[in-house]
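**Student:** For reference, the structure I am asking about is given below.
The values are calculated or read from the model by the stated rules, or taken from the named source; none is laboratory data. All values reported here derive from a predicted model rather than from experimental measurement.
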Amino acid sequence: MKGLFQKYDVHLPIPTLYVMGDRDYMFLDPITKMLENVKTAALLVVVECGHVVNIEQAKIFNEEVIKYLHRIISQYHNRSILH
């Protein structure tokens, strides 16, 4: 799997949350490396979880995604008020 996602020039113009399990052995490392230079992305790693976080740890997934969305909406509104 070495080099997975390496060939892509990732530019995300919008805030993006990646939710990964700490046991997602196939994608966690490549996604972590890919996001090192993506300023608009955040990574949440859920412990004791594999690839399908929204199923394996549904409560944590839902809580964290809702918190993230509230944070993004708040940032957007604060920026809009300032401009």
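**Student:** Out of segment 13-33, which residues are polar (S, T, N, Q) and either in a helix (DSSP H, G or I) or modelled with pLDDT of 95 or more (or both)?
**Tutor:** If the condition is that a residue be polar (S, T, N, Q) and either in a helix (DSSP H, G or I) or modelled with pLDDT of 95 or more (or both), then T32 is the only one that fits.
**Student:** Follow-up. Does E36 satisfy being charged (D, E, K, R), at pLDDT below 95 and assigned to a helix (DSSP H, G or I)? Even if it seems obvious, please write down each step before you answer.
**Tutor:** Values: charged (D, E, K, R): yes; at pLDDT below 95: yes; assigned to a helix (DSSP H, G or I): yes.
Against the criterion (charged (D, E, K, R), at pLDDT below 95 and assigned to a helix (DSSP H, G or I)), E36 qualifies.
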